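Asker: To start, I am sharing the structure in question, which I have written as structure tokens.
The values are calculated or read from the model by the stated rules, or taken from the named source; none is laboratory data. None of the values given here were measured: they were computed from a predicted structure. Every residue, glycine as well, gets a Cβ built from its backbone with ideal geometry; the counts of neighbours run over all protein chains shown. What goes into the accessible areas is simple: the full protein's heavy atoms, side chains included, and nothing from ligands, DNA or RNA. Shrake-Rupley method; radii C 1.70, N 1.55, O 1.52, S 1.80 Å.
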Amino acid sequence: MAPPGDGLGDVLVDEATIEREVARLGAQISGDYAGKRLHLVAVLKGSALFVADLMRTLTVPTTLDFISIVPYPQGSSSGVVRIRKDLDDPIEGKDVLVVEGICASGLTLAYLVRNFETRNPASIRVCAFVAKQRERASEVRLDYVGRQIPDVFVVGYGLDRDERYRNLPYIARVA
Ligand code: IMP
Ligand code: MG
């Protein structure tokens, strides 16, 4: 697809695809959690647009909380993540779905799942709107994925480079 300009490369996930994949994920998740209450934990800030869209498609009773983490330095592989803003509410006994905008190495999600497991949720699953096709931290299991994308840096639909481009309604490669 044609580059959108302004230093960006090809569009990897366009608006129509986003809408379709969010609807598909919403239907799948609604079916899997039928008869239960779902507690979404969205990872700020990259999941902001995705979780807003996803929530609207869910047909099960849903609550929402946010967590904000400090990104570890590029290239670091320790998998240790610092929590900047923790959850507002306990997750003990809840069916938790962690919602992320993008999964790259998987270290962030692996850390969060380990951390949340110590808080005794009834269940915990993970949803990432996009997942890079690359090697991942072995512990992370992605239960729901919108699109697989190549291992390139992307922005848009909540994802940033130096806080820019989050507002783009599509996901594009950085040129
Ligand atoms: P991981 O721990 O390597 O899976 O990386 C997860 C975090 O890195 C994501 O939550 C994003 O904040 C950031 N990230 C990784 N790849 C990209 C990208 O291509 N564009 C924007 N942010 C990214
Ligand atoms: Mg970022």
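Asker: What residue among Pro121, Pro150, Pro73 shows peak mean-square fluctuation when the chain is described by a Gaussian network model with Cα springs under 10 Å?
Answerer: Looking only at Pro121, Pro150, Pro73, the largest GNM fluctuation is found for Pro73.
Asker: For the chain, what % of the accessible area comes from carbon and sulfur atoms, probe 1.4 Å?
Answerer: Here it works out to 49 percent.
Asker: Would you calculate the separation in nanometres between label points at Ser123 and Glu135, each defined as 7 Å from the Cα along the Cα-to-beta-carbon direction?
Answerer: Output for this residue pair reads 3.3 nm.
Asker: Sticking with this structure for a sec: Under the Karplus relation 6.51 cos²θ - 1.76 cosθ + 1.60, θ = phi - 60°, what is the ordered set of whole-Hz ³J(HN,Hα) values for segment 54-70, x standing for Gly and Pro?
Answerer: 4, 3, 5, 9, 7, 10, 9, x, 10, 10, 9, 9, 10, 10, 10, 10, 8
Asker: So how far apart, in nm, are the two label points at Arg56 and Arg37 if each is 7 Å from Cα heading toward Cβ?
Answerer: 2.5
Asker: OK, next. Taking the DSSP beta bridges in the chain as the whole, what percent of them are antiparallel, to the nearest 5?
Answerer: Looking only at bridges with both residues in the chain, the antiparallel portion is about 30 percent.
Asker: When we measure straight from the Cα of Lys94, which lysines land under 18 angstrom away, once same-chain ones fewer than 8 places off are left out?
Answerer: Hits, sequence-local ones excluded: Lys36.
Asker: While we're on this one: Scale the Cα Rg of segment 1-72 by the rule-of-thumb value 2.2 N^0.38 Å and send over the ratio, two decimals.
Answerer: After normalising by residue count via 2.2 N^0.38 Å, the value is 1.35.
Asker: Here's another thing I want to ask about it. Report the normalised scattering of the chain as log10 I(q)/I(0) at q = 0.10, 0.11, 0.17 Å⁻¹, calculated by the Debye formula with identical scatterers on the alpha carbons.
Answerer: -0.36, -0.44, -1.08
Asker: Cross-link partners among lysines for Lys45, C-alpha distance below 22 Å, same-chain residues fewer than 8 apart left out?
Answerer: Those lysines meeting the cut-off are Lys85, Lys132.
Asker: To continue, here is another question. Along the Cα→Cβ direction, 7 angstrom out, place labels at Val70 and Arg161. What is the inter-label distance in nm?
Answerer: 2.5
Asker: Per the Cauchy relation, a quarter of the hull surface: what is the mean projected area of the convex hull of the alpha carbons in segment 101-175, in nm²?
Answerer: 5.6
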